[in-house]
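*Asks:* The structure follows.
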Amino acid sequence: MKISSWGMLSNDDTDVVDIFEPAQVPAAMGGALRSIAYGLGRSYGDVCLNPSGRVIRMRGLSQFHSFDPQTGLLTCAAGVTLADISSTFIPRGWRLGVVPGTEQVTVGGAIANDVHGKSHHVHGAFSRQVERFWLQRSDQGLLEVSRESHPELFAATVGGIGLTGIIVAATLRLIPVPGPWIDAETIAFEGVGEFERLSDESRDWENSVSWIDCLSGSNARGLFTRGNFVASDRTGKSGPAVAVPVTLPISAVNGLSVRAFNTLYFEAGKRKLGRAITHYKPFFFPLDAVGDWNRVYGPRGFFQYQSVIPTENADGATKEMLDVIRASGQGSFLSVLKRFGSLPSEGMLSFPRPGTTLAIDFTNLGVKTRELMDRLDAIVLAAGGRLYLAKDARMSREMFEAGYPRAQEFQQWRDPALASAMSLRLFGK
C-alpha cells in the first residue's frame, strides 16, 4: 500500500505488515526485505519510510500493561500514544514531563526519535523519562534494555531512528500533576537578543517556547510563552478539533499568506499579553486542534527545517538564518524558536544540545526550496550545529556526519534486518 510521512513529500508503494501482538514482530522482521517500524507517521521526512523494503505498523500494540501509583512507573506497549497517556493519567494526577508539539505520537516513535518539548531546560529529552524498553532484534531475540543492563544499546536506541531493533514495550516514569491547567504568560518581543533575555529570565518556569514571524528577519518579532502546571478549580476541557477535509490543490502557504497571517497573529497576540489559566492541550499542542493540517500545503507537501546552534554561536547564526529566510520570501504560519537547556542527551544520535533551536516549515517549491535549505545548511555547519533527524528529508551524508560525531560508533548497534529511506541516504548500504 502507499505510505507517506507528515510532510507528504512522497507516497510510495510499500510492503506493509500490521502488528497486534509482540509475538508477530520476529516474523515481520524476517525474509528478504529489510524493515522499519512505523507508528502514526508524524515524523516529517523519511525516517519512517522504506519504499524499497517493508514497513511494520505498530499502532495495534496499544495496551497499558501496568502502573504503580507509588512510583509513577507506567509500562505500556510501543503503539500507545502520548495522547492515550495524557488523557488516561492526567485526571489521575500523573503526567509525562516531556512531550513534543503533538501528542499524536507513539511511545515507540518518541523513544526512537528521542523527542523534546517546551520543558527541555528542566527535564531534558524524552529518553530521560524512559526506565527501560523491550527491544526485538533479529539476531538476539527479545531484550530488556535499560541503562544498567545494556548501557550502549540503550544509548544507541534512544534517538536511534528505529535502526537498532523494534521497540515493543517500554516503562516510563510519570511525574505528579495537580490537574490539567497551565498558568501561562505571554510576552511580546522584538529581536533575537530580547528572546535570549526572556529565555534567561524563564529558567524557573517549567515550560517555555516562542512563536516568531519568520519573515521579520534578524530583528524578529515574536510571542514568548512560558507556563507551569497549576492547581485550579476551573472545569471544562479544551475545545473540539476541526479538520482540513482534503489536500488542497495548491498550497495555501505562500509569501503573501504567510506575511498576512503573521502580521494578524502578532497583533492579535499582543492584545492577549499577560497571564492566564489555560488547558494543557492548547498550550502544548496547538496544531492538534486542526486535524490533518498538513493538507494545507498542497499535493507537493512541505519540508520542516529544524536546526540547533550551540550556545556560543547561537546569536549570530540565528540572525543570519532569519535574514536568509526573509530574503527568500518562504516561510510558515508556525515558526518556533526555543532555547535548549544544559542537560546532555543520552542517545548517540539524539538531537538536543545546549543552544537555540529554530523550526520552520517550507512549502515544497522544488529547486527554489532546496536551494534555500542548502544556504541554511551552510550557516548551521559553520556554527557547529545540526539538523533534527525526525524532521529531515534531504540532509547530506556529510552534514549528518559533521553534526552527529557518534554516527560511526552507532553503526555497530544496528540491527541487520532493519533499514529505512533515511538510513540508506545517510549511511549508505
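*Asks:* Please determine, by comparing only the residues of the range 336-367 that are over 14 Å from the mean Cα position of the chain (by Cα) and hydroxyl-bearing (Ser, Thr, Tyr), which one is nearest to TRP293 (Cα to Cα).
*Replies:* Selected residue: THR363.
*Asks:* While we're here: Output yes when any residue across the range 179-188 is β-branched (Val, Ile, Thr), over 27 Å from SER43 (Cβ atoms) and in contact (Cβ under 8 Å) with a residue 40 or more places away in the chain, and no when none is. Step through it out loud before you land on a result.
*Replies:* Going residue by residue through the range 179-188, those that are β-branched (Val, Ile, Thr) are 182, 186-187.
Still in the running and over 27 Å from SER43 (Cβ atoms): 186-187.
If we keep only those that are in contact (Cβ under 8 Å) with a residue 40 or more places away in the chain as well, we get 186-187.
Yes, that holds for at least one residue.
*Asks:* Now for a separate question. Please tell me if ASP374 is within 28 Å of VAL296 (Cβ to Cβ) and either open to solvent by 30 Å² or more (accessible area, probe 1.4 Å) or part of a loop (DSSP other than H, G, I, E, B) (or both).
*Replies:* yes
*Asks:* Can you give me the number of residues within the range 208-252 that are closer than 29 Å to ALA317 by Cα and part of a strand (DSSP E or B)?
*Replies:* Of the residues in that region, 12 qualify.
*Asks:* Continuing with this model, one more query. Test ARG397 against the criterion of being surrounded by fewer than 18 Cβ atoms within 10 Å (Cβ to Cβ) and within 26 Å of ALA112 (Cβ to Cβ), and give yes or no.
*Replies:* yes
*Asks:* So, in the range 221-245, of the ones that are polar (S, T, N, Q) and at pLDDT 95 or above, which residue ends up nearest to ASN262 (Cα to Cα)? Quick ask: steps written out before the conclusion?
*Replies:* First, the residues of the range 221-245 that are polar (S, T, N, Q): 225, 228, 232, 235, 238.
Retained after the next criterion (residues that are at pLDDT 95 or above): 225, 228.
Details: THR225: 16, ASN228: 26 Å.
Among those that are polar (S, T, N, Q) and at pLDDT 95 or above, it is THR225.
*Asks:* Right, here's the next one. Got at least one residue in the range 99-106 being surrounded by fewer than 23 Cβ atoms within 10 Å (Cβ to Cβ), of a type in the set (S, T, N, Q), in contact (Cβ under 8 Å) with a residue 40 or more places away in the chain and within 20 Å of SER5 (Cβ to Cβ)?
*Replies:* Yes.
*Asks:* Looking at the range 253-263, can you tell me whether even one residue there is loosely packed, with under 14 Cβ neighbours inside 10 Å, basic (Lys, Arg) and either within 25 Å of GLN330 (Cβ to Cβ) or without any contact (Cβ under 8 Å) to a residue 60 or more places away in the chain (or both)?
*Replies:* No, there is no match, as no residue in the range 253-263 is loosely packed, with under 14 Cβ neighbours inside 10 Å, basic (Lys, Arg) and either within 25 Å of GLN330 (Cβ to Cβ) or without any contact (Cβ under 8 Å) to a residue 60 or more places away in the chain (or both).
*Asks:* Considering the range 6-39 alone, what residues qualify as being surrounded by 15 or more Cβ atoms within 10 Å (Cβ to Cβ) and in a helix (DSSP H, G or I)?
*Replies:* Correct list: PRO22, GLN24, VAL25, PRO26, ALA28, MET29.
*Asks:* Kindly indicate the residue of the range 378-393 that is assigned to a helix (DSSP H, G or I) and in contact with a Leu (Cβ under 8 Å, 6 or more places away or on another chain) and also farthest from SER345 (Cα to Cα) among those meeting that condition.
*Replies:* Selected residue: VAL380.
*Asks:* Using beta carbons and a limit of 7 Å, which pairs, at least six apart or on different chains, have the first residue in the range 2-25 and in contact (Cβ under 8 Å) with a residue 24 or more places away in the chain and the second one among the β-branched types (Val, Ile, Thr) and surrounded by fewer than 16 Cβ atoms within 10 Å (Cβ to Cβ)?
*Replies:* ILE3/VAL16
*Asks:* Do you know which residues across the range 97-113 are farther than 11 Å from ALA390 by Cβ and not small (Gly, Ala, Ser)?
*Replies:* VAL98, VAL99, THR102, GLU103, GLN104, THR106, VAL107, ILE111
*Asks:* Within the bounds of the range 14-21, is there any residue that is at pLDDT 95 or above and more than 19 Å from ALA419 (Cα to Cα)?
*Replies:* Yes, because at least one residue in the range 14-21 is at pLDDT 95 or above and more than 19 Å from ALA419 (Cα to Cα).
*Asks:* Of everything in the range 56-95, what is farther than 27 Å from GLN24 by Cβ, in a helix (DSSP H, G or I) and open to solvent by less than 20 Å² (accessible area, probe 1.4 Å)? Give them in sequence order.
*Replies:* Within the range 56-95, SER86, PHE89, ILE90 meet the criteria.
The values are calculated or read from the model by the stated rules, or taken from the named source; none is laboratory data. Quick caveat, the model's predicted, so the values are computed rather than measured. Positions of Cβ are backbone-derived with ideal geometry, glycine not excepted, and every protein chain shown enters the neighbour counts. Side chains included, ligands, DNA and RNA excluded: accessible areas come from the protein's heavy atoms. Shrake-Rupley method; radii C 1.70, N 1.55, O 1.52, S 1.80 Å.
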